[in-house]
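Input: a single structure, listed below in structure tokens.
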Amino acid sequence: MKNAAVVVTSISAPNFPLKEIASGARAAGSRFIVIGDGKSPASFELDGTEFYSVNAQIETGLGFARLCPTAKYSRKNIGYLLAIRGGAPFIVETDDDNIPRADFWSARDRSVTGRVAPTVKWVNAYRFFSETSIYPRGFPLEELTREREAGLPCTGTATATCPIQQGLADANPDVDAIYRMLFPLPVDFDPNEPLLLPAGAWCPFNSQNTTFFPEAFPLLYLPTYCSFRMTDIWRSFVAQRLLWTCDWQLSFHRATVYQERNDHNLLRDFADEVSGYLNNARIATTLAALDLPHGPEHLTANLVACYEALIGLGLVGAEERPLLQAWLSDLECA
């Protein structure tokens, strides 16, 4: 992972996961960018880490940094922009409660060989790595029964261009509040071969262990004016829709981190996820129905079209428009 960038947003003082990421980044020759927020400690010192306070973010000259409100996970976008400005060959994002294993620091390749998921509307990628009845945060609840009844028939193996690659997390995988309140954890995934999702197949992915290559950098964008628990999930739906316009695929791979989860109020998480429980399938249907031009040259225009659709559904606020435009302007200058 030499010269790559690892990006985290955190309000924590240097904790064990952050120290482990910093140590691994130093050994791998990677940048480690930590984006602070209003509640971040006044002094953040961790060898091998580039920490940006809110004031330091504004001083970067990024338009997005000036417009983005504080206390928002979407401030992580600033870290992406700084990594892109620095010429990162790819970006790996994670969170401040994920501890990387040795293979987290392995070389990445946008060309992935793996099992091909069935061409159905909703694919529960977690079940290709586990025999437990586990599903990712953002998976439509109304699709779970149909998904279980459909079984898990792969359609062989293939090699595909995957500029977005979702890695799993052991111990405390990314599941929703309902799962956490009803089913036992921890869960560790099986170290199976990667899974490729063909065009037309949906599965939410998160921001906890995810690699983006340069052609997909515009798709890193996290929306601000929506639920905190849905920002990365709804980003994932937009990203998947736009991957299809470029003949690219999304892949999932074995866990290369394990999570020691920060304290959460599960009822508060549940409340923050309600907009997803009610609308995730609707979002996918809406995005799939968009008439989008084909080809990477249309990626940014198509990104705007997708967010206009989410604004039209009333799920993302109209205040998102200037932030998205600032993101695209900053990308052009990076």
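Would you call residue 330 acidic (Asp, Glu) and surrounded by fewer than 19 Cβ atoms within 10 Å (Cβ to Cβ)?
In short, no.
Taking the stretch 51-66, which residues are in contact with a helix residue (DSSP H, G or I) (Cβ under 8 Å, 6 or more places away or on another chain) and either surrounded by 19 or more Cβ atoms within 10 Å (Cβ to Cβ) or at positive phi (or both)?
Correct list: 52, 57, 62, 64, 65.
I'd like to check something: does the stretch 261-272 contain any residue that is of a type outside the set (Lys, Arg) and farther than 17 Å from residue 227 by Cβ?
Taking every residue of the stretch 261-272 in turn, at least one turns out to be of a type outside the set (Lys, Arg) and farther than 17 Å from residue 227 by Cβ.
Mind telling me which of the residues 89, 153 ends up being in contact with a Pro (Cβ under 8 Å, 6 or more places away or on another chain), more than 30 Å from residue 272 (Cβ to Cβ) and either of a type in the set (Val, Ile, Thr) or at pLDDT below 95 (or both)?
The unique qualifying residue is 153.
Residues of the stretch 183-209 being part of a strand (DSSP E or B) and surrounded by fewer than 22 Cβ atoms within 10 Å (Cβ to Cβ), which ones?
Selection gives 187 alone.
Taking residue 269 as meeting all but one of (1) over 25 Å from residue 188 (Cβ atoms); (2) modelled with pLDDT of 95 or more, write down the number of the exception.
(1)
Please verify whether the stretch 288-307 includes one or more residues that are surrounded by fewer than 19 Cβ atoms within 10 Å (Cβ to Cβ), touching a helix residue (DSSP H, G or I) at 6+ places or on another chain (Cβ under 9 Å), modelled with pLDDT of 95 or more and under 26 Å from residue 172 (Cβ atoms).
no
Does residue 241 fit the bill of being part of a helix (DSSP H, G or I), among the charged types (D, E, K, R) and either in contact (Cβ under 8 Å) with a residue 40 or more places away in the chain or over 25 Å from residue 179 (Cβ atoms) (or both)?
yes
Here is a list: 231, 256, 211. Which entry is in contact (Cβ under 8 Å) with a residue 60 or more places away in the chain, more than 18 Å from residue 310 (Cα to Cα) and under 14 Å from the mean Cα position of the chain (by Cα)?
Just one listed residue meets the conditions, 211.
The conditions are (1) outside any strand (DSSP E or B); (2) surrounded by fewer than 19 Cβ atoms within 10 Å (Cβ to Cβ), and residue 254 fails exactly one of them. Which is it?
Unmet condition: (1).
Pairs, please: C-beta under 7 Å, at least 6 apart or cross-chain, first residue of a type in the set (Phe, Trp, Tyr) and in the stretch 321-334, second part of a loop (DSSP other than H, G, I, E, B) and surrounded by 14 or more Cβ atoms within 10 Å (Cβ to Cβ)?
Close Cβ pairs satisfying both conditions: 327/221.
Could you list, in sequence order, the residues of the stretch 308-327 that are small (Gly, Ala, Ser), assigned to a helix (DSSP H, G or I) and loosely packed, with under 15 Cβ neighbours inside 10 Å?
Passing the criteria: only 312.
Take the stretch 92-146 and flag every residue that is exposed (fewer than 15 other Cβ atoms within 10 Å of the Cβ), modelled with pLDDT of 95 or more and β-branched (Val, Ile, Thr).
Correct list: 113 only.
Which ranges mark the helices (runs of 4 or more DSSP H) fully within the stretch 26-110 that have 2 or more residues being without any contact (Cβ under 8 Å) to a residue 24 or more places away in the chain?
Because the criterion is at least 2 residues that are without any contact (Cβ under 8 Å) to a residue 24 or more places away in the chain, the helices (runs of 4 or more DSSP H) in the stretch 26-110 that meet it are 54-59.
The values are calculated or read from the model by the stated rules, or taken from the named source; none is laboratory data. Everything numeric in this text was worked out from a predicted model, so none of it was measured. For neighbour counting, all protein chains shown are included, and Cβ atoms are generated from backbone atoms with ideal geometry for every residue, glycine included.
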